[in-house]
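Here's the structure, in structure tokens; my notes come after.
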Amino acid sequence: MIRVITLDEFDPLLLKEFTKNLFTAFGVGSEITDSVTTPHGQQEPYDAQKLLESLPKVTAFRDDKVLFLTSRKLLPRKLTSGEAPTYGLSNYATGRSIVTSAHIKSVNENVALLSRFAMQEIGHAYGLHHCLDARCAMYPQWVPHYLEGEASLCTYCRESSERKIRDLKS
Ligand SMILES: [Zn+2]
Ligand SMILES: [Zn+2]
């Protein structure tokens, strides 16, 4: 199961569409299971790594993935070519990810893009790597037209995620 935990308020309809998109992409149940507050002592833009580490532990089964959803800005990534916005971060070892809607204008009308961001982080949490298919959610986020892709996985990524999910269950 993909456990989605909100750090900020989101429109219930958005959340419904968001979890449905995740279910469709991974074939795994996806639910909003809790809401928590952003830890004290950290400020916007948040260091995604630090924020993810300081968020509360969530009771989850071994094959569960935990996704925190925020509307606050995360610190941009430093690349050799300059800076790139951080849409999210995933920690494979803990199975925990965070995703932000801060870079999406009118997110209620663009749940697909937020879902695409989340799919990449959940994909990484399952052990998927970046993909060369520009439509796929696993396409590298630092390529500008990443934003034009779809809220779905390509056949290759879908099959490898199914394999990883099966392995976790056995
Ligand atoms: Zn990535
Ligand atoms: Zn792919």
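Relative contact order of the stretch 1-64, taken over Cα pairs closer than 8 Å and 6 or more residues apart, is 41 percent.
Selection among 101, 90, 60 by position relative to the dipole of the stretch 1-104 gives 90 as farthest towards the positive end (Cβ unit charges, Cα centre). Mean residue ellipticity at 222 nm, helices only, the chain: -9500 deg cm²/dmol; runs of at least 4 DSSP H residues each add -39,500 (n - 2.57), and the sum is divided by the number of residues.
Ordered by the number of other Cβ atoms lying within 10 Å of each residue's own Cβ, fewest first, 129, 124, 103 fall into the sequence 129, 103, 124. Nearest 20 debye, what's the magnitude of the dipole of the chain about its Cα centre given +1 on Lys and Arg Cβ and -1 on Asp and Glu Cβ? Computed charge dipole of the chain: roughly 380 debye. Each residue of the stretch 75-85 is assigned a 3J(HN,Hα), and the resulting list reads 4, x, 7, 8, 10, 5, 8, x, 10, 10, x Hz, derived from the Karplus form 6.51 cos²θ - 1.76 cosθ + 1.60 (θ = phi - 60°), x at Gly and Pro. Taking the DSSP beta bridges in the stretch 1-121 as the whole, what percent of them are antiparallel, to the nearest 5? So the antiparallel bridges amount to about 30 percent of the total.
The lysines whose alpha-carbon is closer than 16 Å to the alpha-carbon of residue 105, local same-chain residues fewer than 8 away aside, are 73.
Which ordering of 99, 36, 107 is given by a fewest-first count of other beta-carbon atoms within 10 Å? Walk me through the intermediate numbers first.
Working: 99 27, 36 12, 107 18.
By the 10 Å Cβ count, ascending, the order reads 36, 107, 99.
Convex hull volume of the Cα atoms of the stretch 93-170, normalised per residue: 96 Å³.
For residue 78, the lysines whose Cα falls under 17 Å of its own Cα, not counting residues fewer than eight places away in the same chain, are 50.
Tell me the relative contact order for the chain as a rounded percent, counting alpha carbon contacts under 8 Å between residues six or more apart.
Working: 307 pairs, mean separation 34.6, N = 170.
For the chain, the relative contact order is 20 percent.
Amide H to amide H distances under 5 Å link residue 65 with 2, 3, where only residues 5 or more positions off or on other chains count and H is placed in the peptide plane.
Read the figures in this text as sums done on the coordinates, not as results from a lab. Note that the coordinates shown come from a computational prediction; the quantities given were computed from them, not determined experimentally. Reconstructed Cβ throughout: ideal geometry from the backbone, glycine too, with neighbour counts over all protein chains shown.
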